[in-house]
Structure formats: structure tokens, C-alpha cells
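Right, one structure below, let's go through it.
The values are calculated or read from the model by the stated rules, or taken from the named source; none is laboratory data. Bear in mind that the values here come from a model prediction, so they are computed numbers and not experimental data. We place every Cβ from the backbone using ideal geometry, glycine too, and count neighbours over all the protein chains shown. Only protein heavy atoms, including side chains, enter the accessible area calculation; ligands, DNA and RNA are left aside. Shrake-Rupley method; radii C 1.70, N 1.55, O 1.52, S 1.80 Å.
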Amino acid sequence: MYSSIIRPNTWVAIRLPSGVTRNILVTPNATISLGKYGSFPANLIIERPYHVTFEIEDQRPDEKYSRIRIVPASELYAEIFADEESPDCSAPTVDAAKPVISAEDGVEFTLVDAESGKLVTRSSGEVIDENARQTLTQEEIEELKREGSNAGKDVIAKLMLSHTALDQKTSFSLAKYKLLKTKKYIRRFQILPVDVPNLAHWQLEERDASKILDLRAEMIALVGSWGNVHYGGDSVYLGDPMATCEQGEEALAPLQGDLLNGRWLVVDDTGGLLVAAIAERMGVLFPELDEDEDSLDEQARREKRERREAEKEAEDNQDGDVDMADADDPANRAIDGARPKKVRSSDFAIPYSQTNTITVVHSASQPSLPFLGYWDFDAVAPSHAEHPLCRHLMCLTWLQLLKPELDTAYSTPPLTASPELLGSWKPSRRGNFHRKRRRFARTRHVVEATRAGGFSGLVCASTMDPISILKHTLPLLAGGAPVSMYSPTLEPLAALADCFSVSRRTAWTSGTLPEMVAKTVEELERWEGSEQFPLNPTLLLGTSIQTSRARRWQVLPGRTHPLMTERGGTDGYVFTAWRAKPAAGKVAAKGKFKRRKLETGSAAESEAADTPKA
Amino acid sequence: MTSTLPQTVSPFLEPGPRTKPNSLAVLQLSRDNFVPVYLQQASGEHDGYVEGAVINTRYGSFPHSTLLNVPWGSQVRASKVDTGSRGRKRKWQLDEEAGRATSEPIEDEKETGNGAGEENGDGDEGKQLVTDTSGFIHVLPPTPEIWTTSLPHRTQVVYTPDASYILHRIRARPGSTLIEAGAGSGSFTHASARAVYNGSLVKGKRPGKVFSFEFHEERYHKMKKELSDHALDGIVQLTHRDVYKDGFLVDGKSPEADAVFLDLPAPWEALPLLSRQRPQLREGEAGEAGANPWVSPLHPKKSVFICTFSPCVEQVTRTVSTLRHLGWVDIEMVEIANRKLHTARDRVGLYLPVDRGVNSSAKDIEEAITKLTEIEERFRENARPKQPADGSEPAKVASKAATNGKTSVDEAALKYPWLDGRLVTRGEPEIKTHTSYLVFAVLPMVWTAEDEATALARYPIGNEKFVVSLMGKASMKEERREAMQQKQGNRKSRRKDRDEKLAEAEG
Ligand SMILES: C[S@@+](CC[C@H](N)C(=O)[O-])C[C@H]1O[C@@H](n2cnc3c(N)ncnc32)[C@H](O)[C@@H]1O
């Protein structure tokens, strides 16, 4: 569960005055430098709350660092509140006698002479100190910033003065002007947690949007909802088969189909952002699952963490290659949080839960999910500290899924060795031996469990042809399971939807197609595709394509309007449907249509809806 | 709330592999026509009939027995039902039982039997149902998305494009505690329940909860019933309440919410009661302040995310202003435009057979020219004296050559209507109108001077050893590497590897 307190050694997003966010790792005893905005000790934000606004203060004469303070909301909004109070909100300011920005009432933007503290300008611009009107050079600005006096406010003041046309500005553009300059120089920042919405936003707006296939928040939300992705049941584990090192394949724990539940099949070409979004919806993204940490007092929390780390260290030293299976052991079908005391598990113990899991099929030999690193998870690490994804995320290649016999990891029988022989080996060799056996058992389990099918849903954001993805994944979906596929472009999804067109379905169910003759329902569910019918058109129901777009508005007293500075980029599309279980044989699809006399509630149906769904 | 009966998990959350008796299922009649239904086992008398219920649709009759215990997603054929012996009796079950209000005529027929070859213990065993050729339906597990389109509307509802975005933005996740007002028709409630659900068996884990409020009595009761029918009453706690007046505590206790959704006509009336500190008294209110200690409905140690949903800008302006005065930050207003796209095969051509969906005009310039030439030829032919001296028909021959044999219809053209024509996409015929404005904001936790002193004592400053800079990517990497060298242990270096991988991924 994610915390509202900034923990040491976690990734956070810093939102700078410019509105730009940057991700950093909060390391104790570091100095965090915001470049031109200044710098401050990282320890000043550790165990402080997220979302508050900090301001870098002026360095105290006896200190080598700048402290920060929390800016109260009343101060953040002082200017807006002042605007609200002006009698006519629709046309603010223009009260010549009243300074737009005054020093007295603590409003942040004091347009004052830095030396005398005297007010130098008003909205009408009539009291402008002529000397102050000259344009500041870039050098002077730098100088001012270096001095760092008055937290950048006087830089703003000077800059505003330097704008010779200030007095000619309308109140509207004046406000805008202030805002712009403010964004640039005021030394304020916010710390935001790195969660899926924030990471996606950051990657989209400030990094490379193409790396995440332009997956915007609206689309993440739609794809997850239509995929019906949610907590898929309390964790259930297979019993440890207690394989001794002399045993081979025969000792593997058999798959138990009835235990497999709440599993989502995923194809992710967004570097792990999609998997992260799914994991977040399933409650397996954040490293600290025990939420009660927040309710523990500081001391207890720290002790607990230290204890956990100590245990971890001990484990690490125990054997050359301890990995997560040993960190703590799945009990015999134990439930999360109720795991019994640690017993060293055998090589063939399956660390994965049988429920609430994500299965990623990838096309390279290793999964590419680097974004999960922000939540302290590495899908390709040979060993791993405890993380919910260790037990709930499984990865396999398309080759392992479709032709496992060609995959070495799957098809090479496990090593065996007598205890005597094992004892004679160097620890590193022994470690290697166990690692290989564990890898074998896991690969077997992941492949078999995936091939067993019965998935609760399919969610994709991939550059691969969606038709080919569905060809191989439709048979793996449980009846009624949703399919939810994102694409940054419409065409691939349109081609997919066309495979399920009314005319295709009608032709298919007419039972007259030569391709279908003498095929059972099961065979047709594994339809390999033909030119005429790339997919079995009766395997999906309610196919639909949609797109969503959020438009942001500015809401200010008298100045509420859509933002013009909206980022461009692609809209993105989502294809949705549900997996059907077609009845065997020819299915008549006439429908009893009493023309003219429509049934209640069906009057509004479109023509498409009227068409028999064959 | 705490029922002694074993709580069944909602079919919305864990539907299992097959349809079950007395549980909600959704029948898909046609593309966008969903009918929610509680499947019943045929067991003795049912409303004066000896057999179980039958659902009648325009695609035929479907005895419940044919829909029970089948895999979800199953296509089920209509059955011939015998209506003769008792005659027809129509019961229009409109809104009579919440959720069962299908506005479809539900007929109880004198017929039962074994559906889909499954053994059905009750009723007239052995009597086979006869498949009717009138059609089929599909049976789907309920989801918030389907429910939203098929629920009995009692108010305006929040649809999936908005609901999904809102839940994403207010960080409604497994284990979250969400306050919702007003419940209305429960569309958003169902999506929320799915979002916060985090199981129930684990001790020490705080269960995800939705605290929902509705002051309209009839709606409250309907929804209460619906929640229990859907086995969601363990997750959603519905309270009959005017939240403007009486706030959000339940049984005097704080729900400790970390997410809030307000779909109310005047959110600003409710906002002061969602404060961390005692709200200032509004004008006209009795000054009983201080009588009871103020209890905030919000989680004291978490940032709280809020969304308000309002149809017009005036409401938004007022809401935003109130939020600012109450200390909410990161206030943002967003409008979601959602569009459905339909695909079709555009079939255009002069020589295509006349068929539904075929546009009989020239598909390109060449075809137009061909046709025009044809017409000209025919015109000239008609203008010519009927019987030329030599008796030959040169004009016709020429015409045939010009049109490449396409005098009338190209019969081969539509052999595969699903392949012919150009694949096109079209937006929805009716342009989706504006739904509502969404206002988002965050309320950070309170940070006192004591909190600050504690934190400062635990993480003293002045011992800074290295600089982490946000500026250039290259320098960032360099600094991070340096930072890593300060630490020891292989766990740290593993993290370092990861960071580098991240940096590369971003690069
Ligand atoms: C538009 S509906 C909500 C629809 C709901 N979000 C959905 O998706 O189905 C608004 C509801 O708020 C309720 N309501 C209005 N004022 C209220 C108040 N002061 N306290 C509690 N409920 C209120 C109304 O009775 C109405 O049912």
C-alpha cells in the first residue's frame, strides 16, 4: 500500500515551479539540487508528507544549506483570494488605488524596491520608479539568484518592472504575465509519489511518449476497466513437493486447475507501464503491503524495517544464491499474511500464487518491464528482495507458450545430484545447481499454467498485430472474460474489429463454409486463421472501439476556460469485447421480429443492434 | 452490516467459471441490449406454476434451466416452450424487484427440463427441451461496465469513461476507503466497489470500503436491496443521510477515507464537512460548536484525493473556490470526451449487385467514364435509324468492348461481402454531448511543528555528503553512480543496476 509519507530510498517525483516534474531517488544525507531554483538537504523531505508545497528558504548566515518550509494553502492562493474579493470577478483589478501586489498583507508577489522595501508599482502603472524600469540583463538575473535573497520573489519583481509595457497591459494579461514569471523563478516545489498516474504523466509529458505508446491516463483507465482488472482473490499457493536434489521432473508439483483464479493475461510494449497499472488495480504494485505501517509509531516502524533488513542480510549470507523463494516461504496453500514460520523450501516449491496474478507474454527472450524499477521490482533479476510482484507476476515468451518443446529452459530436464556429491561441491557450484533446478520448476509451472488457459481477461498495449495476438490468446480465455486492447492508432483495431463483422459471423454460423466441415467446437476455438477468417468470428461478443480524451480547464475567478496549452499527441484507442463460448453446430439466428411492434426498450436500438448476432 | 450468514463473494468480483443459481447474470440479447437476471433453479411452485421461470425475448424463450450452470459467455439457444396447457400469462415485472426490472416480458411457462445437458434435480425430470430456431442469447458475468448500461435508472448516472478516469485519478485501489455521495442509481458505486475490493480473509489487512450516502429514501432502499442482491454489502456501506447537514461519519465514527467522490447538486455544501479540522460554522447554524469534539471523516495520515462531478461551470467555480479556501491543492478541472467508433465495409460501385449497404454510384473516375460512355453509346444507338442497311449492330459491339463486359452487374463482386469494399471507421452517429465537469484536488495531511521536530531529529541535516541534481540526464546518472558508491552491500548495487536500466529506458 502506498504511503503518504516520503520514505527514504524511494523514488519520488519533484514538481518544480515551472510545472515540470522530475523523478529522483530520495537518498538520506544527499543534497537535492533543483538547479536554478536552489538546493536543500534530502533529509528535510524524508518522512514529510507528499503533496504539500515546500519553499526553499534563504540560507541562514551560520548554515551551509538552505532549509525549506511548508507553504500554507492560504498563501498559495492569496492572490486568487484577493481577486475573488474584488467586487466584479469577471473583470478583476483595475482599481488604480489598490496595488495589484502589495507587501503588507503577505501576498507573495511583492513588487517592491529590493533596497527600500517601498512599493514601486500598481496595476495602473502610474507609480513606477523610472530607474527600475530598465531591463535586467541575464547576468543580473543570475546574480540575483545567486544571492538567493528573498526566495526569488524580488527577481520576479524586477523582471516585472523590466517589462516596460507592463503598465499598458490589461489586467487579464497582467495576471498571465505574473503567472509565467512566477512559474519560472519562485523557489517552490512539491513532492509527489511515483504511482501509475504520476509516472505515466511524467513519461508522456516530459520524457519520451513513444516509449509508452502514448498511453494517456484516460486510456490506462479505460483499458483497465474494460479488462475488468481488479483484485483477483486472496493468494493461494501450491504445496511444496519437497523435492530432494536427487529427484527430477517427476517431483514437480502438479498443476491444480481448480485453484487458478483471477488471472490476467498481458501483452505489454510500454516498458512495464501497463503491467504497473494492472498491478496497481490488483493491489500488488507497492512494495509495502502491510498498510498498518502507517499506524505504527515511528519507532516501531523503524524497528520493523530494520528487523526485516537484518533477516534479509542473514539470508543473503546463508547461501551464494538465495532468491525470493527463500525470503519467506509459501505455505501449503497459505494465504497472504498468514504464512507460517520459515522453512527452507525445496527447489521445486512454486513461489507464485495461483490467484490474483499477471501473466506477461513477451516476444524478446527477456521481458522488458523497466518501469517496474520505480516500485523496486526487477523482472529479470536472478534474485529479489520481497515484493508482491515476485508472487503475482509471471513472464514467458511466445515460444514457451506456443512451442515449449523448442525452449531450452522448459525442455531441459532438471539436474540431479546425490547429497554426497552435492556436499563435495564448492558453495558457488551448489548455488548454481539449485538455481537451475528452481528455474526449471518455475518455467514449467508458468508455461503449464498459462497453457491451461482459463484467464479472467486479456489486456494489451502492444505494437504487434492484434489479430495475431488474439489468434493465440483467445483459446486461453475463460468464457465471459473481457478482452481490452489499446493501440495508439486506429487502423490495427479496425482491422481486428472487421474480423468480427456481422457478415463474417453470419457466413460462419451458416455452417456452409468448407473450412469448417467436420470440425468440433473445440477445434474451432483453436481456429488457426484463414484469409477469409483470420479469427473465429464467434469467439468474441460485443466488439467495440472507443477513444477518450480529457480536456483541461483553467478555473480562476472570472477567467474560466479550456486550457490552450494542451499537449498534442495521439488520442489512442481501445478495443473491447467478451469471450464467447459458441454452441456447437449450426445456430439459427433469425430472431422473432414483429416489425412495427417493437418491444419495450428496444425502440432505441440502432440498426446494428437489430441485426442478428450470429 | 455484519451478517452471521457466510458471505458469498459478489458475482461482480469473483463470478467463478459458471453461472450459479440465485446469482446475478447478464443476458446479452444483441449488441447493446443487456438484461440483468437472477437465475433460479426450477423448484416446485413458482408464482402459481409448477416449473421455473422462463425469459422471453424477441429471440425466443429461454427457461432458466438452460442458462444455469453453463460456462460464462455461453451461447444458449432458445427453447420451444409449451404455453398451451395454462395459457399465456404475461407478467411485466417492471421495477418490481430491483435489478430484476428487465422491462422485458418475463413469462412463466409450463415447461422445464434439462438445460445444456446438465442434470437439473428439480422439476419434470427427463423431459427434453426442444431447441427453437428463433435464435439464441449469450450469458455474461456482471461487470460494472455492463451494469452501468443495463441498470434501472433512477437518476443520471456516471458512465464508464468518466468513472474509470475518476477512480484512476483519485487513486481508488484495493484497500482504499472511498466516500461517495449521492449514491443515486449506484452506477459509480459498482465501479468503486470493484476498485477498492481487496479480499476479506486476511487478518490485519484493512479491507477496502466504499461509504456511500443517499438522502432520497426510495433510492436508498432500492440500492440497499441491490447491494445485498449483488453481495456487495460487505464492501459498500450505504447510509441514508443528508450529507450537507449531517456529514460523513458512520455510527459516529470516521470512515478514514482517502478518496472522495461527490456527485451532488451543491458539492460546496458538503465540502466543509470533509475537512481535517472543524469547519467554520455557516451562517444561520446554531453555535453548538465545541459541544462534541470534531471528528474528521478523512484519514489523518494520508493525502486525500477528491473528485466532484458537476454539469455546469457555475457549480465548478463555486466548488473550486471552496476547495481553495479549505486548503485543497492541485486543483484541476477536466472534461472527458468519449467517442465510439464503428467499423464497416464501404461498398461503392455501379456494377455491384443491389444489396443492403451497397452504394450504387461510381467507385472511381474510371467507372464513371465507363458508365458515361455506355450511356452515350446507347443514346447514339437510339438516335440511329432502327434498321441499318447492312443489318449489323456495330454500336453495341463497341459498347461491350468499352465496358469490358460490365454491361450490368458484376456477379463475382460480392461473393465475399466481408472482404469486399474498403474497411472504414465512423464515429458515433449522434455526437456524444457533454456529460459533466470533473474537479480534482488533493488535501495533504496536516503537518504540525511537533511532527517536523520529530522528523528532523530522526533525519538530522548538515551531514550532506553528495549532491543529487535534477538537471541534465548525464550528470544525473553520474551523480547517482557516486551516490551509490557511498552505500555498501549487494542489495544496494542491485538497486543501482536497476536505476541504470531505468535511466536507459527513459533515455
Ligand atoms: C446524479 S445522482 C448520483 C448518481 C450516481 N453517481 C450514479 O452513478 O448512479 C445524485 C444523487 O445525490 C443525491 N443527493 C442530493 N443531495 C444529497 C444530499 N444532501 N445528501 C445525500 N444525497 C444527496 C440525490 O438524491 C441523487 O440520488
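Amide H contacts under 5 Å for B:Leu264: B:Gly182, B:Phe309, restricted to partners 5 or more places along the chain or on a different chain, H placed in the peptide plane at 1.01 Å from N. In terms of distances greater than 23 angstrom between alpha carbons, the cross-link table entries B:Lys205/B:Lys225; A:Lys64/B:Lys465; B:Lys209/B:Lys301; B:Lys20/B:Lys340 yield B:Lys205/B:Lys225; B:Lys20/B:Lys340. The largest accessible area among B:Leu456, B:Leu298 belongs to the first residue in B:Leu456, B:Leu298, and the rest follow in falling order (1.4 Å probe, all chains). Inter-chain neighbour count for B:167-176: the average number of beta-carbon atoms from partner chains within 10 Å of each residue's beta-carbon is 6. Shown are A:Trp264, B:Trp294, whose ranking by accessible area with a 1.4 Å probe and every protein chain present, most to least, is B:Trp294, A:Trp264.
A:Arg281 exposes around 60 Å² of accessible area when a 1.4 Å probe is run over every protein chain in place.
Proximity of backbone amide H atoms, modeled 1.01 Å from N, is registered between B:Gln41 and B:Asn22 at under 5 Å, excluding neighbours fewer than 5 places apart on the same chain.
Return the average number of partner chain Cβ atoms within 10 angstrom of each residue Cβ along peptide A:3-10.
Numbers: counts 3, 10, 6, 1, 0, 2, 3, 0.
Neighbouring Cβ atoms belonging to other protein chains average 3 per residue here.
If R0 equals 22 Å, the separation of the Cβ atoms of A:Ser530 and B:His342 corresponds to a calculated FRET efficiency of about 0.35. The simple spin-label model puts a point 7 Å past each Cα toward its Cβ; for A:Arg429 and A:Glu448 those points are separated by 3.1 nm.
Take the accessible area of chain B alone and of chain A alone, subtract that of the pair, and you get about 12200 Å² summed over both chains, using a 1.4 Å probe. Around the amide H of B:Ala259, modelled in the peptide plane, lie the amide H atoms of B:Thr177, B:Ile179, B:Phe305, all under 5 Å away and 5 or more residues distant in sequence or on another chain. Full-extension gain between B:Trp294 and B:Leu456, please, as 0.36 nm times their residue separation minus the C-alpha to C-alpha distance. Fully extending the segment from B:Trp294 to B:Leu456 adds 55.4 nm.
Spacing of the modelled spin labels on B:Val130 and A:Glu386, each 7 Å from Cα toward Cβ, amounts to 6.6 nm.
Assuming R0 = 56 Å, what is the FRET efficiency of B:Gln40 and A:Asn9, from their Cβ-Cβ distance, to the nearest 0.05? Write down the numbers at each step before the final one.
Working: r = 57 Å, r/R0 = 1.01.
The formula returns an efficiency of 0.50 here.
Quick one: if the Förster radius is 22 Å, what FRET efficiency do B:Asn382 and B:Ser360 give, using the C-beta to C-beta distance and rounding to 0.05?
Working: r = 23 Å, r/R0 = 1.05.
The formula returns an efficiency of 0.45 here.
Separation of the stretch A:264-282 from the stretch B:11-31 is 26 Å, based on Cα centroids.
If packing is taken as the average number of other Cβ atoms within 10 Å across a peptide's residues, how do B:323-336, A:535-548, B:360-373 rank, most packed first? The partial results should precede the final answer.
Numbers: B:323-336: 20.1, A:535-548: 22.3, B:360-373: 13.4.
Going from most to least packed, we get A:535-548, B:323-336, B:360-373.
Take B:133-144, B:225-236, A:196-207 and order them by the average number of nearby Cβ atoms within 10 Å per residue, most first; the result is B:133-144, B:225-236, A:196-207. Counts of other chain beta carbons within 10 angstrom of each beta carbon in peptide A:191-199 average 2. Does anything in the stretch A:509-528 have its amide N under 15 Å from the 7 Å Cα→Cβ label point of B:Lys415, and if so which residues? Of the residues in the stretch A:509-528, A:513-515 have backbone N under 15 Å from the label point off B:Lys415.
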